[in-house]
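Notes for the one structure printed next.
No lab work stands behind these numbers, since they all come straight from the coordinates. Just so it is clear, the model here is predicted, and its values are computed rather than measured. When we count neighbours, we look across all protein chains shown, and the Cβ atoms used for this are built from the backbone with ideal geometry, even at glycine.
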Amino acid sequence: MNIKEQVLSREQMAHLQELGVDTSDASMAWMSNSDNPKADDWTIEIPNEFLEHYYQVPTYTIGDLIEKLPKNIDKKTFTMSYLIAPSVGYSLSKHVMIPSQQNGLVDALYSLLCWVAENHKELLEVKK
């Protein structure tokens, strides 16, 4: 699996930021040394303050997304069911089903993190 298939896109990260998710804990970054940051020459790198001449956009890996998600909601244990099938879904406390239009585990975790950000933002504080 290509590393670019294991991280969120720049657009997905921007959407999380719009939802109020603090993304400063991302372990990877999209980087470009182009004068035009919209160019298609982006690479995935470990964030590095010494690469100031690069345009850096933080991004979450699959591991980051799993770590970011709460372990329980309303004193109920968080569980996620992920099926590799045309209809991918997630269950949360037996009450919430979030259908996925995307493919792959990274997109499933992203959709679930968006749901948590929209419904339980208080559970997404940065862990230090």
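Results, tabulated for the structure shown:
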{"quantity": "Environment charge of LEU109, counting only residues whose C-beta is closer than 12 Å and scoring Lys/Arg +1, Asp/Glu -1", "calculated": "-2"}
{"quantity": "Proximal aspartates and glutamates relative to LYS4, as straight alpha-carbon distance under 18 Å, when same-chain residues fewer than 8 apart are discounted", "calculated": "ASP40, ASP41, GLU45, ASP64, ASP107"}
{"quantity": "Stretch gain in nm, segment ASN48-ASN72, where the contour uses 0.36 nm per residue and the Cα spacing is subtracted", "calculated": "5.3 nm"}
{"quantity": "Zone residues, segment 50-75, relative to ASN119, backbone N less than 13 Å from point 7 Å out along Cα-to-Cβ", "calculated": "70, 73-74"}
